[in-house]
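Laboratory data are not the source of any read-out in this text; all were calculated from the coordinates shown. Just so you know, these numbers come straight off a predicted model, no measurement behind them. Here the Cβ is made from the backbone with ideal geometry for all residues, glycine too, and neighbour counts use every protein chain on show.
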Amino acid sequence: MSSPGAGLGYDATPPFSAPLRFFLSAPLFSAAAGGLLLADPGLLASRWTPGALAIVHLLALGFLLQVMLGALLQILPVVAGASFRAPLRVAGLTHAGLCAGSLALVLGFLTGIPALLQAGGGLLGITLAGFLIAAANAIRHAPGTAAPGQTPRDLRLALGGLLVAAMLGLALTLALTRGWGLPIDFVQQVNLHAGWAMLGWAGILLAATSWVVVPMFHITPAYPVRLTRWWAPLALALLIIWNVGTVSGAPAFALVTGLLLLALAAVFPLATLRQQARTRRSQPDAAFGAFRLAMIALLAGLTALIPATLTDQTHWHVLAGILLLHGGFGGATRAMLYKIVPFLAWLHLTQAGIKAPNVRKLMPEAQARAQLRLHALTLLSLIVAMFIPLAGHLAGALLFVESLWLWWNLASVARIWHKQQAARSAPAAV
Amino acid sequence: MTPLATLMTNDHRACDHALASAEKHVLQRNWPAARLALGRFADMLSAHFDAEEQTLFPRFEAATGMTGGPTAVMRAEHAEMRILLDNLQAAIDGQDGDEFAGEAETLLIMIQQHNMKEENILYPICDARLAEQAGELVTLLAEQLGQRAATEITS
């Protein structure tokens, strides 16, 4: 049932454990990607090696999708007034399906066992379908206020992008394992899948979230209204046009629309950098710097996609993948986690009537800054490893350590939250 | 945006600036200036909360018949933010920069998420439900918020 107040109360937001489980398991998948690279640094030689496919999906599904779905459980009620009916059940099923599906798919890539690929694709398909249905249901029952921001609309667009990306991914799994290909070139199909996953889903979601959290966390003016009104629908429209050009066998048309798409995509990080330059904070914190670096990495990644589009040289794709996945989306996600997790812990304790340590005591700034510096160093080492294969060992080791450090920092916040809650409930239990 | 949403949103931004000013002075360990800046911020925040609790929320409640709904949540958040404000004051009294930074960061995010809910959900509902009294209501709120908001809205 909806009411004008839906979304304003904490009763509308899920228990902390709902998003937290996603945030805590995500770094472990990223660490696994580091472990793979450490074991076999040669896998960065091409985007088509089984190891590269495994790493991409450990980062894209295991890390990014985990964090993004966990964050959506939290954001949809607050920003769009769309509360999940059974948030803990949705969180539990989605988390379990995502972890198991990602693991099976990655193992399928590494071993080449069709059953694993099918199990992974199937599990992920069912899980995402379940999440999307639950989200659509929550959105359908949200109050229809004339909210000034475009975030709720863009969140819906991103969920649509996720649906297409997931369906293309599932089709690719079937093409790989059963030969049931769509009537388009396999490489083109992979490009479409990546385009929908990176822009249709992750890019639009990051932008939709940024419209709200960049002004909120980095104390900047609001994004220009014209940008927030048009960027996501235009990006989606151009993505569809590029798809049509690609599928219909019109290479020149696909090339031009593809380049236009890259230019349009670059508007978001450029605008964000401009917003950040206008912050009202006297001393920007570690998360601020990490978010800025993430935007620069997105721009660099989009730039690397230009030669990747124009030539067949596969290393441009690998470079773009590193910059976009680890540098751009990975960096932005880390920056947001350092803001969101301590605040949610504080908020849930305070709401329970427990005196909570402030956010800087929950997550010391020095700890966050040091970990984020290692993330930046890892990004640099990954790029170097493309040119000096032996450096891949170092890049893998850094990615492994950096991810576990992130996990440790987030788990420390969770531990304090849990301890304070237990201390509060202990006397009552006696 | 409507005049009501513009007035209240501008005042949110003005409060942000005032807190940023206090943060800057604490970073410089200029305690007398920090105390003054925090005092100004506290006055602005209190004026904003009072204008909402004494004028806007009762009008909303009268128009919608909802007293335990969104306005109750907003009032509860105001109470939490007042506690955080006291913590900031205590940190300045104790000249503890680290404590101030942690409390300020907490208050800042609390304020921002609170503002987001007001600006995205509550003010649009107020605009819809209080349309016929908007002119008089905006004048009254502007008076309560003080001259700064009234000048910002016209500038």
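Taking the Cα centre of the stretch B:53-122 as origin and charging only Cβ (+1 Lys, Arg; -1 Asp, Glu), how large is the dipole, in debye to the nearest 20? Don't skip to the answer; put the middle values down first.
On the way: 4 positive and 13 negative charges, 108 e Å.
Dipole of the stretch B:53-122, to the nearest 20 debye: 520 debye.
Determine ³J(HN,Hα), in whole Hz, for all residues of the stretch A:340-349 in sequence, where each value follows from phi through the Karplus function 6.51 cos²θ - 1.76 cosθ + 1.60 and θ = phi - 60°; x replaces Gly and Pro.
After applying 6.51 cos²θ - 1.76 cosθ + 1.60, I find 6, 5, x, 5, 5, 4, 4, 4, 5, 5 Hz.
Applying the Karplus parametrisation 6.51 cos²θ - 1.76 cosθ + 1.60 with θ = phi - 60° to the phi angles of the stretch A:197-213, what ³J(HN,Hα) value in whole Hz is obtained for each residue in order, glycine and proline being reported as x?
5, 7, 9, x, 9, 5, x, 5, 5, 4, 5, 4, 6, 5, 3, 9, 7
What is the angle, in °, between the Cα long axis of helix B:31-51 and the longest principal axis of the Cα atoms in chain B? Nearest 10 is fine, range 0 to 90.
10 degrees
Just tell me which aspartates and glutamates come within less than 12 Å, Cα to Cα, of residue A:339; anything on the same chain fewer than 8 places away is out.
A:285, A:365, B:105
List the trypsin sites (Lys or Arg not before Pro) in the stretch A:335-370 that DSSP assigns to loop (not H, G, I, E or B) and whose Cβ has at most 10 other Cβ atoms within 10 Å. Which are they?
Working: sites: A:339, A:355, A:360, A:361, A:369; in loops: A:355.
Listed in order of number, the matching sites are A:355.
What is the set of long-range amide H partners of residue A:281 at a cut-off below 5 Å, with H atoms built 1.01 Å from backbone N?
Amide H neighbours of residue A:281, under 5 Å, 5+ apart: none.
Using only atoms on other chains, find how many Cβ atoms lie within 10 Å of each Cβ of peptide B:107-120 and report the average.
Values: counts 2, 6, 11, 5, 2, 8, 8, 1, 2, 8, 6, 1, 5, 14.
Other-chain Cβ atoms within 10 Å of each residue's Cβ, averaged: 6.
Which number do you get for Rg(Cα) / (2.2 N^0.38 Å) in chain B? Mind dumping the intermediate values first?
Working: Rg = 16.1 Å, N = 155, 2.2 N^0.38 = 15.0 Å.
Against the empirical 2.2 N^0.38 Å value, I get 1.08 for chain B.
Quick one: check the C-alpha center-to-center distance for the stretch A:77-120 versus the stretch B:1-61, whole angstrom.
Comparing the Cα centres of the stretch A:77-120 and the stretch B:1-61, I get a distance of 43 Å.
Quick check for me: using +1 on Lys/Arg Cβ and -1 on Asp/Glu Cβ, what's the dipole size of the protein assembly as shown about its Cα centre, in debye to the nearest 20? Display every interim value, and only then the final one.
Working: 36 positive and 32 negative charges, 191 e Å.
So the dipole magnitude of the protein assembly as shown works out to roughly 920 debye.
Rounded to whole Å and ordered largest first, report the semi-axes of the equivalent ellipsoid of the protein assembly as shown derived from its Cα gyration tensor (root of 5λ). List each step's numbers first, then the result.
Values: eigenvalues 347, 139, 109 Å².
One finds semi-axes of 42, 26, 23 Å for the protein assembly as shown.
How high is the relative contact order of chain A? Use alpha-carbon pairs under 8 Å, at least six apart in sequence, and give a whole percent. Each step should come with its number before you reach the end.
Details: 612 pairs, mean separation 85.4, N = 430.
Value for chain A: 20 percent.
Quick one: dipole size for the stretch B:3-154, taken about the Cα centre, charges +1 on Lys/Arg Cβ and -1 on Asp/Glu Cβ, in debye to the nearest 20.
Working: 11 positive and 24 negative charges, 45 e Å.
Taking the Cα centre of the stretch B:3-154 as origin, the dipole is about 220 debye.
Would you mind checking the tilt of helix A:391-429 against the longest principal axis of the Cα atoms of chain A, expressed as 0 to 90 degrees and rounded to 10?
20 degrees
Hey, what did chain B get for relative contact order, percent, Cα under 8 Å, at least 6 apart? Walk me through the intermediate numbers first.
Working: 117 pairs, mean separation 59.6, N = 155.
Computed value for chain B: 38 percent relative contact order.
How many Cβ atoms of partner chains, on average, are near each residue of B:123-131 if near means within 10 Å of its Cβ?
On the way: counts 4, 7, 7, 0, 3, 3, 1, 0, 0.
Counting other chains' Cβ atoms within 10 Å and averaging over B:123-131 gives 3.
Peptide B:83-89: average number of partner chain Cβ atoms within 10 Å per residue? Present the calculation step by step, with values, prior to reporting the outcome.
On the way: counts 2, 2, 0, 0, 1, 0, 0.
That average works out to 1.
Averaged over all directions, how much area does the convex hull of the C-alpha atoms of the stretch A:273-420 cover when projected, in nm²?
That works out to 10.2 nm².
What ³J(HN,Hα) values, in whole Hz, does the Karplus curve 6.51 cos²θ - 1.76 cosθ + 1.60 give for the stretch A:152-165 when θ = phi - 60°, with x put for Gly and Pro?
Each residue of the stretch A:152-165 in turn: x, 5, 5, 5, 5, 4, 4, 5, x, x, 4, 4, 5, 4 Hz.
Looking at chain A, which longest stretch skips every one of the chymotrypsin sites (Phe, Trp or Tyr not before Pro) that is in a DSSP loop with at most 13 other Cβ atoms within 10 Å, leaving the sites themselves out? Please report the intermediate quantities before stating the final value.
Details: sites that count: A:48, A:180.
The reported range is A:181-430.
For the stretch A:27-74, what is the convex hull volume of its Cα atoms per residue in Å³? Walk me through the numbers before you get to the answer.
Numbers: hull volume 2.4 nm³, N = 48.
Taking only Cα atoms, the stretch A:27-74 has a hull volume of 51 Å³ per residue.
Divide by every residue of chain A the summed helix terms, -39500 (n - 2.57) for each DSSP H run of at least 4, and state the resulting mean residue ellipticity at 222 nm, rounded to the nearest 500 deg cm²/dmol.
Working: 16 runs with 322 residues, N = 430.
So the calculated ellipticity at 222 nm is -26000 deg cm²/dmol.
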